[in-house]
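The values are calculated or read from the model by the stated rules, or taken from the named source; none is laboratory data. Not measured: the values here are computed from a predicted model. For neighbour counting, all protein chains shown are included, and Cβ atoms are generated from backbone atoms with ideal geometry for every residue, glycine included. These area figures cover heavy atoms from the full protein model, side chains too; ligands, DNA and RNA do not enter into them. Shrake-Rupley method; radii C 1.70, N 1.55, O 1.52, S 1.80 Å.
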Amino acid sequence: MNRDGFIDKAGMKRKYWILLVFCIGVLLLDQWTKSLVVRELPLYQRVEVIGGFFNLTHVRNTGGAFGIFGGEKGGLGSILFVGVSFLAIGAVVFLFLRIKESEKTLALSFSLILSGAVGNLIDRLRYGEVVDFLDFHLMAYHWPAFNIADTAICIGIGLMALELLKGDPKKSTK
């Protein structure tokens, strides 16, 4: 909206272009990499990329982020995570529609979060679980395997946190 409270059509386009470009780009990259893993790397197989640091490992996640609340494939847990995914996607779209045109970083962060949520939801609907394959470790420390969608969500949340911590310079007290 402009100063008069009217919708600025040129500005609105920019916000929605950010959403469109990043959602499509991340979704295509996420689904393409997952399809490669499913097709080329048998479940639980590992390919060492950087010794002692990074592997490609085909695993499946029936739970939430980083396997939290994971269980057996199918059943009530799967239905719960599909429902939670739809709620999260709805909340992100609602919040995206409410941001100002000038809030480009928030538009980008919501776009990344939305694309990641949709990417993992596609897996849940297609396989009943999420395909993970990026496997990092350093000495005895091991990070749970994740995927491009998870990465987009984390980057989006990080950008949002930075933007919210930065605050609005117009509202700062003197």
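With only the Cα atoms considered, segment 113-167 has a convex hull volume of 85 Å³ per residue. Once backbone amide H atoms are built at 1.01 Å from N, Phe54 has Val49, His137 as its partners under 5 Å, excluding neighbours fewer than 5 places away on the same chain. Give, as a single signed number, the net charge of other residues whose beta carbon lies under 12 Å from the beta carbon of Gly116, with Lys and Arg counted +1 and Asp and Glu -1. Spelling it out: positives minus negatives among the neighbours equals -3.
With every protein chain in place and a 1.4 angstrom probe, the accessible-area ranking of Met160, Met139, largest first, reads Met139, Met160.
A probe of 1.4 angstrom, applied to the heavy atoms of all protein chains, finds Ile99 with accessible area near 20 square angstrom. Annotation: Thr33 carries an accessible surface of approximately 20 Å², with a 1.4 Å probe and no ligand, DNA or RNA atoms counted.
Put Val38, Val26 in order of accessible area, highest first, and with a 1.4 Å probe you get Val38, Val26.
Rounded if a/c is under 1.5, else prolate if a/b beats b/c, else oblate: with a ≥ b ≥ c from the C-alpha gyration tensor eigenvalues square-rooted, which is segment 83-147? It is oblate, given that a/c is not under 1.5 and a/b is not larger than b/c.
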